[in-house]
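To start, the structure itself, in structure tokens.
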Amino acid sequence: MITVFDLDGVLSRADTMATLVLARLRARPWLVLPVAVLALTAALAPAAGSLRPRCNRAVVHVVLSGLSEREYARLAVRTARQLAARPDNVGPDVLSALRRAAADGTGIVTTATERTLAAAYLEALGVGGMPLLASRFRFSDRGPRFADHNVGGRKVETLEAIHPGAIVDTLYTDSASDLPLARQSRRTVLVDARPRSVREFGRHGIAFEPLVG
């Protein structure tokens, strides 16, 4: 049996990809308006639908346009280390559960965040090398584009690919976008979840345990 952790909202109170995008946006202020429109649309869209991830991908593509793979990697590592250094960026109960699962080899992190950024953040938390399922970029002269966006039902597919038939004992998440994974989990822990996500889990009949702080 395995324990699965979402990243943003669970292992990081700050959205890791949004933090990286904002760092890049500071040097490209002319993009603030179109990014704000896309971000507002994403915020208003249902977490379990397809519109929110489409808008989030568009924000990333617009803001990171022109970045080489090496430039992106430097930005990702710098962002990850800054986030991990924040003393309140992850709750102590979740961090303890993560480290226990990493130590006994039962933990997996699955996230919509891009892999280089997610891996650097886990390394900074002291659990580098822990199994990680994450989104992937492909790079061209235009910059990075999502080659695989590990969100929603895609998380079920990527988990099944590396652990066919595995039983998820516990899922730590904060978002209704993880409903497909929650349906296959024996136990779901909602970490600092917003009322909207709580309502969605209830509406779909998914039992959960709330965890605050």
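Observations
- Taking each residue of the range 31-46 that is touching a residue at least 24 places away in the same chain (Cβ under 8 Å) and surrounded by 11 or more Cβ atoms within 10 Å (Cβ to Cβ) and looking for partners that are among the acidic types (Asp, Glu) and assigned to a helix (DSSP H, G or I) with beta-carbon atoms closer than 9 Å, six or more apart or interchain, yields Pro46/Glu200.
- Some residue of the range 166-177 being among the acidic types (Asp, Glu), touching a Leu at 6+ places or on another chain (Cβ under 7 Å) and under 21 Å from Val10 (Cα atoms): yes
- Among the residues of the range 62-76, those that are touching a residue at least 40 places away in the same chain (Cβ under 8 Å) and surrounded by 16 or more Cβ atoms within 10 Å (Cβ to Cβ) comprise Val63, Leu64, Leu67, Tyr72, Leu75, Ala76.
- Unmet requirement for Leu11, which otherwise passes all of (1) free of Cβ contacts under 8 Å to residues at least 40 places away in the same chain; (2) surrounded by 14 or more Cβ atoms within 10 Å (Cβ to Cβ): (1)
- First in the range 77-105 and more than 28 Å from Asp169 (Cβ to Cβ), second anywhere and among the polar types (S, T, N, Q) and modelled with pLDDT of 95 or more, Cβ under 6 Å, 6 or more apart: Thr79/Thr19
- All positions within the range 91-121 that are within 29 Å of Phe146 (Cα to Cα) and of a type in the set (Asp, Glu): Glu114
- Residues of the range 144-162 that are under 10 Å from Leu133 (Cβ atoms) and β-branched (Val, Ile, Thr): Thr158, Ile162.
The values are calculated or read from the model by the stated rules, or taken from the named source; none is laboratory data. All values derive from a computational prediction rather than experimental measurement. So basically every Cβ, Gly included, is an ideal-geometry build from the backbone, and we count neighbours across all protein chains shown.
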